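Enquirer: Sharing a structure here in structure tokens format.
Since every read-out is calculated from the coordinates, none of them should be taken as a lab result. Remember, predicted model here, so these are calculated numbers, not experimental data. Here the Cβ is made from the backbone with ideal geometry for all residues, glycine too, and neighbour counts use every protein chain on show.
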């Protein structure tokens, strides 16, 4: 079976477990996704499928993309992502992949998305610098980053130096989130904690490398 699915972040809420514990969760509309392309070891040297999610107007995609999704008899799609599969998987082009076929309650997943853009930010907000003392002679230099290098050597600022700049609006992956509930009839999955991005943003959910752990939050309502 496929190792992940594409979804859309709906928002956050909270649910109660069977033991009465309150758990914060993120609600994600996961799928249904359509198999657009299947790759085989014999032809492509690895086994994977390309999934499509979200309908897109035909005039908003290129002619090449419209031809690419023709075989699936659906689309065009707003998002395309590739996921590895087992070599003996029976997935075919045009087949739908539902969230209930991929994940179960208690599974651990990795969630990727585009984080919220925060605009230009200083070093204290962007990199959690502590700033300068509020007294003892500090004057108009409270939220600065301090020295960024020597003058004679190296004579330049090293690449990657933590400085002010654009914050957010980048691809972020949060690992090891637990699946609290799967509502297969509604194509919804509830993940414990927060996931990157704003409500309505596209996210990709993949099975965690560690596999399935305990089902401590099973029976959430």
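Enquirer: Under the 0.36 nm per residue contour assumption, what length would be gained going from the current alpha-carbon distance of residue 58 and residue 90 to full extension? Don't skip to the end; give the middle numbers.
Expert: On the way: separation 32, 0.36 × 32 = 11.52 nm, distance 2.92 nm.
Extra length available between residue 58 and residue 90 comes to 8.6 nm.
Enquirer: Then there's this: Along each of its three principal axes, how wide is the spread of alpha-carbon positions in the chain, in whole angstrom units, largest first?
Expert: 70, 52, 34
Enquirer: Find the centroid of the Cα atoms in the range 176-207 and in the range 12-76, then give the distance between the two in whole Å.
Expert: 13
Enquirer: Determine, for 91, 51, the number of other Cβ atoms within 10 Å of each Cβ, and report the residues in order from fewest to most.
Expert: Working: 91 19, 51 26.
Going from least to most buried by this count: 91, 51.
Enquirer: Counting other beta carbons within 10 Å of each Cβ, put 161, 74, 118 in order, fewest first. Kindly include the intermediate steps, with their values, before the conclusion.
Expert: On the way: 161 9, 74 16, 118 12.
Neighbour counts put them in this order, fewest first: 161, 118, 74.
Enquirer: Rounded to two decimals, what ratio of Rg to Rh does the range 1-97 give with C-alpha atoms and a Kirkwood Rh? Numbers along the way, then the final one.
Expert: Details: Rg = 16.8 Å, Rh = 15.1 Å.
Result for the range 1-97 is an Rg/Rh of 1.11.
Enquirer: May I pose another question? Return the calculated 222 nm mean residue ellipticity for the chain, to the nearest 500 deg cm²/dmol, obtained by summing -39500 (n - 2.57) across DSSP H runs with n ≥ 4 and dividing by the residue count. Show your work: numbers first, answer last.
Expert: Numbers: 4 runs with 19 residues, N = 221.
Per the formula, -1500 deg cm²/dmol.
Enquirer: Given labels modelled 7 Å from the Cα in the Cβ direction, how far is it in nm from residue 46 to residue 150?
Expert: About 4.4 nm separates the two model spin labels.
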